[in-house]
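Undergrad: Please find one structure pasted underneath; my questions will follow.
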Amino acid sequence: MAEIRKIGIDARFFGPKDKGFGRYVQNLLLNLEKIDKENLYVVFLNKKRAEEYTSQNPNFKKILIGHNILWPFKIDKKINKENLDVMHFTCLPSPIFYKSRAKTIFTVHDLTWKNTPPFKSFLKRIFYNLVFSRAIKNVQIIITNSQYVKNDILKIYKINPEKIKVIYEGIN
């Protein structure tokens, strides 16, 4: 029998209101609830989405968090308080100063923000570049949804290709 793990899931963006990221997180959680009856999950959910997610699995615990410009600076304490074995950040921005004993997974959906920046603000571009660079270098595993995005990451950031796992998204 495998050792039970305590796994954190970044669910700031949950549900169809948040489009791609939201559907990704929603489907991830709903399917993990169905297939994993052993591990314990801590779901860090945006307070604005509190009513949208109710776990059907008793091994899933919901923690409400505020999501604003200060999130990358303030979330560390809440995450570390849970004493996780694994933390999965499902999108940007990831915490800036996050340090933990937990293994860290980061999902990179694409690099559109880098190649064609949607940000008019110069400071936002610098902020996202800083946060993303730190996340890419500090995590143990990067999940992406295509070989194209993996190649894009490797072209821009000099990291070990073994760190990146391509996992194609399912059809809903």
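The values are calculated or read from the model by the stated rules, or taken from the named source; none is laboratory data. These numbers come from a predicted model, not from an experiment. Cβ atoms come from the backbone with ideal geometry, glycine included; neighbour counts cover every protein chain shown.
Undergrad: If L84 passes every condition in (1) at pLDDT 85 or above; (2) assigned to a loop (DSSP other than H, G, I, E, B); (3) over 15 Å from the mean Cα position of the chain (by Cα) but one, which one does it miss?
TA: Result: L84 passes all but (3).
Undergrad: For segment 36-48, indicate whether the set of residues that are buried (at least 18 other Cβ atoms within 10 Å of the Cβ), part of a helix (DSSP H, G or I) and modelled with pLDDT under 95 is non-empty.
TA: No, the conditions are met nowhere in segment 36-48.
Undergrad: Which residue is nearest to the chain's Cα centre (by Cα), if the candidates are limited to segment 4-22 and must be surrounded by fewer than 17 Cβ atoms within 10 Å (Cβ to Cβ) and assigned to a helix (DSSP H, G or I)?
TA: Restricting to residues being surrounded by fewer than 17 Cβ atoms within 10 Å (Cβ to Cβ) and assigned to a helix (DSSP H, G or I), the top hit is G20.
Undergrad: Kindly check whether there is at least one residue in segment 5-19 that is at pLDDT 90 or above, touching a helix residue (DSSP H, G or I) at 6+ places or on another chain (Cβ under 9 Å) and not aliphatic (A, V, I, L, M).
TA: Within segment 5-19, one or more residues are at pLDDT 90 or above, touching a helix residue (DSSP H, G or I) at 6+ places or on another chain (Cβ under 9 Å) and not aliphatic (A, V, I, L, M).
Undergrad: Out of all the residues in segment 101-122, is one or more outside any loop (DSSP other than H, G, I, E, B), surrounded by fewer than 18 Cβ atoms within 10 Å (Cβ to Cβ) and at pLDDT 85 or above?
TA: yes
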